[in-house]
Amino acid sequence: MKLRAIVLPILAVCLIAVDISIAGEFVSKTFVPRKPAPKMSFDKIPDGFRSERMILKFTEGTDVRLRGNKLVSMSGSDISHAVDILYSTNGLKVKRMFSRSEESLEASRKSGEALSNRQLADLNLYYILELGESVDAVGLIGKLNKLPEVETVYPEPIPVPVSSPLNPDTPDYQSGQTYLEEAPGGIDAYYAWSIPGSKGSGITVCDIEGNWVFSHEDLTKAHDNIHVAGDLILDPLWYNHGTAVLGEIAADSNGMGMTGIVYEVDLKTVSIGSLNTSDAIDTAAASIQPGDVMLIELQESGPNDGNYVPVEYYQASFDAISTASANGRIVVEAAGNGHQDLDDSFWYGQLFDPNFRHSGAIMVGAGSPDTHTPLSFTNYGQRLDLQGWGTAIYTLGYGDLYDGGDTAHWYTADFGGTSGASPIVLGSVTALRGAYEFAYGTVLTRDEIVDILQENGTPQDYPQKHIGPLPDLKASLESQLAIFTANTTLGNVPLTVQFDGSPPDIPTEWMWDFGNGDSAFTEDPVYVYNDWGVFDVSLSVNTPSGTYKMNRPEYIVALLDSITFSHEYALPGEEVAISVYGKNDFDIERFMLSFRYAGDADLTYEYATVEGTRCDYFEDITLMAINMVTREITLRFTADYGGGSPPLPPGSGEIAKIYFTVGSQTLGDVTPIDTLDGTFSMQYRSQYGTYKPFSSSGSVTVSGPIGDADTSGEIDIDDVVYLIQYIFAGGPAPVPLFTGDADCSGWIDIDDVVYLINYIFGGGPEPDC
């Protein structure tokens, strides 16, 4: 095959319906022999190739290895002609192509063949030829490609890009990420987030391209050392592109900027800055585990006037992807922006016929956000599996939407191409894979994932250019799990919960586990939680098509938390403190006190404090609302207002003091401190959400001074008589009772009578508790 144009690996990407079955299965029931691509021929080394570096692969079975500075065949194959050509060429050096050891590559080949039932390439047969300036590269390629011991040799492409602490002022742009919304427009990530496991926790995603802004404020997953290998390409096109890709996948869910589709995944990166494409793919695969996901955000110029094709068009990349896929890595590959029909046999032969050869990668095309019609630039053909949005993608980087200063605060509203589409598909793949493993404890294969997403996806428009459906996570998850919901998941005991199960097939048997030892075997049970706690709930249903399961950890939160205001007495004109007592069974990050203080005691609100209470370290007290007419106030108390303070641990006791001044001069006047509901209400915020605890009102009663037992407003002989009558003759009690405790002993007895007589007639000390 004659290469007719430049071949450049680049970012696959940023430019500017009908469902079909899976585009070829990767894991085969019968052993599939390897089918290498035809050798290429060159009239010259086109621009975009490294004329000084060639990729050479020897034929399978030759077992060629580099020993010292010499190539030798470990199987005794005759490679003498190739060796003569290579070592008779002045200024030529031979190096191993892949970074991993021979033993590691061989182990991957053997394990991959056993798992996939496919013959894989011996990656140890790939070499890099470094040529001196005087070497005739075209002539060398021609000579080597004539030899039977050489499978292929071609110039190495040059990678180039084609796409173009938190800042509290950064807006929240999640509403612009409409690809997160429900089908048919989006993939319904919002629904997926309600399903355990679908946020990607415990799964690693490795992105292969050129550079990233690891310090981006909305990408804290990248703040640690996530870069595996490869020099970074110091070019804005590369680091903006990589940041945009990671933003779609894993931008933080923090109420600012963007939110990634699977924002709980772990991230890794491999750069092609100092690695060739195939080595970068192999290095990425070796850095993650089976079931993890890798993303190839690259494309290469192809034979049709240099229009871009998927990287697996070239044999070395195909073999590296195949080995990764066979060993359980889930590979997502951008189809490229070359507007190429990959089914065109004139240009591509059978290289993109999934029934002829299959790398195992999930190949992604770019569709329009509304109709899901293939966009003009996307490659298409039977090899493509799924599509994502190819334009108008909100994500991180570039700064056209928001430029908060340096690159760590840049956002865009116009990412796209197959580079923008591929992370959307990767996010869908990862969400489905994570939810399924959480429910069943097993990992879906690449073929199973594609099957499910294709069967339940939103069909593409204009089927003449096949790019596959857009994933619909809601439909996909509902087809695999015994989905169930509850009418309430958080509240005070006794908590009555109505459960509603929606399995994908008609159940013959229901099995509910309410997380506290109780169970039910009915369709939609109603259950009452009488004890406080956090409870896992699970459902298993038997149906004619099989058993479906789902488990929701920490799903029901039953509460006995409370907030109580104290009852206090105070003299006219005196400042009085109402104590607020809180009981919490879970860590509390914030609480709100919403109350009314209208009554005869004519209180004036002064201030609130946490000094000397369980919440002494809370960093912020904010007056959220105040109405001087109705005398209603809402106060918010926050543990961490930027200083990193911990939440309030479980316990009980005083959590705040609220100070008032008493205005009434009439003894016995009372003002209740009533808790409020409405726009603001009594509230705790914990890791399980925001909720209203049990609450009870307090009061302030106007009283006379200590010793004024008869509430006359003065301490005199009448108070002595009043106490004698109360203590010895069954007379009425002092109101409030503590005013009769003249000696502050905590009891009312004859000692208080003596104390008052001594004060009134003998110049003794004034009662003052």
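Where does each of 460-466, 41-47 land if you order them by average Cβ count within 10 Å, highest first?
Values: 460-466: 17.6, 41-47: 14.4.
In descending order of packing, they fall as 460-466, 41-47.
The alpha-carbon of K692 sits under 19 angstrom from the alpha-carbons of these lysines, leaving out residues fewer than 8 places away in its chain: K583.
Ligands, DNA and RNA left out, the accessible area of the chain computed with a 1.4 Å probe is 50% carbon and sulfur.
For segment 125-244, the square roots a ≥ b ≥ c of the C-alpha gyration tensor eigenvalues yield an a/c of 1.5 or more together with a/b exceeding b/c, which makes the shape prolate.
The dipole here belongs to segment 116-228: it is taken about the Cα centre, uses +1 on the Cβ of Lys and Arg and -1 on the Cβ of Asp and Glu, and is about 400 debye. Taking 29 Å as the limit for the C-alpha separation, the pairs K35/K221; K95/K146; K29/K95; K95/K221 exceed it in the case of K35/K221; K29/K95; K95/K221. For segment 431-483, build the charge dipole from Cβ charges (+1 Lys, Arg; -1 Asp, Glu) around the Cα centre, then report which of Y436, P463, L481 sits farthest towards its positive end. Working it through, the farthest residue towards the positive pole turns out to be P463. Taking 13 Å as the straight-line reach from the Cα of K57, the aspartates and glutamates in range (excluding those fewer than 8 positions away in the same chain) are D122, E149, E151, E156, D319.
Summarising the amide proton neighbourhood of H339: residues at separation of 5 or more, or on other chains, whose placed amide H is nearer than 5 Å comprise T378, N379. Taking amide H positions as modeled 1.01 Å from N, with prolines and chain starts lacking one, the residues under 5 Å from V64 and 5 or more places away or on another chain are M74.
Listed peptides 555-562, 131-138, 179-186 appear in the order 555-562, 179-186, 131-138 once ranked by packing, highest mean of other Cβ atoms within 10 Å at the front. Take 189-195, 431-437 and order them by the average number of nearby Cβ atoms within 10 Å per residue, most first; the result is 431-437, 189-195.
Find out how many positive minus negative residues lie around A598, taking Lys and Arg as positive, Asp and Glu as negative, among other residues whose Cβ is under 10 Å from that of A598. Working shown, then result.
On the way: positive: R596, R631; negative: D600, D602, E632, D674.
It works out to a net charge of -2.
The Cα atoms of segment 602-720 give a gyration tensor whose axes a ≥ b ≥ c have a/c of 1.5 or more with a/b greater than b/c, which makes the shape prolate. Note that the chain presents 39 Å² accessible area per residue, ligands and nucleic acids not counted, probe 1.4 Å.
For segment 125-135, the Karplus equation 6.51 cos²θ - 1.76 cosθ + 1.60, evaluated at θ = phi - 60°, returns couplings of 8, 8, 9, 9, 9, 9, 9, x, 5, 8, 6 Hz by residue, with Gly and Pro reported as x. Potential lengthening of the chain between I717 and S274 amounts to 149.5 nm, from the contour at 0.36 nm per residue minus the alpha-carbon distance. Here the Karplus curve 6.51 cos²θ - 1.76 cosθ + 1.60, taken at θ = phi - 60°, turns the phi angles of segment 529-540 into couplings of 8, 8, 10, 6, x, 10, 10, 6, 10, 9, 9, 10 Hz, with x standing for Gly and Pro. Given axes a ≥ b ≥ c from the Cα gyration tensor, I'd like to know whether segment 404-478 is rounded (a/c under 1.5), prolate (a/b larger than b/c) or oblate. Judged from the Cα gyration tensor, segment 404-478 comes out oblate (a/c at least 1.5, b/c at or above a/b).
A straight Cα-to-Cα reach below 17 Å connects K549 with the lysines K474, residues fewer than 8 places away in its own chain not being considered.
Treating only the Cβ atoms of Lys and Arg (+1) and Asp and Glu (-1) as charged, compute the dipole magnitude of segment 294-354 about its Cα centre; round to the nearest 20 debye.
Details: 1 positive and 10 negative charges, 52 e Å.
The calculation lands at about 260 debye.
Karplus-based coupling profile of segment 138-149, in residue order and whole Hz: 4, x, 5, 4, x, 5, 5, 5, 7, 8, x, 6, with θ = phi - 60° in 6.51 cos²θ - 1.76 cosθ + 1.60 and x standing for Gly or Pro. Return the FRET efficiency for the residue pair N69, E103: r is the Cβ-Cβ distance, R0 is 22 Å, and the value is rounded to the nearest 0.05. According to the calculation, E is roughly 0.60. Local charge for K583 was computed over the other residues whose Cβ lies under 15 Å away, with Lys and Arg +1 and Asp and Glu -1, and equals -2. Taking amide H atoms as placed 1.01 Å from N in the peptide plane, the amide H of Q119 lies under 5 Å from those of V32, R34, each 5 or more residues away in sequence or on another chain.
So I have (1) 30.0; (2) 28.5; (3) 30.9, and one of them is Kirkwood radius over Cα pairs in Å calculated from this model. Which one is it? So the structure-derived entry is (3).
The values are calculated or read from the model by the stated rules, or taken from the named source; none is laboratory data. Predicted model only: the values in this text are computed from it and were never measured. All Cβ positions, glycine included, derive from the backbone under ideal geometry; neighbour counts span all protein chains shown. When the accessible area is computed, the model is the full protein with side chains, heavy atoms only, and any ligands, DNA or RNA have been set aside. Shrake-Rupley method; radii C 1.70, N 1.55, O 1.52, S 1.80 Å.
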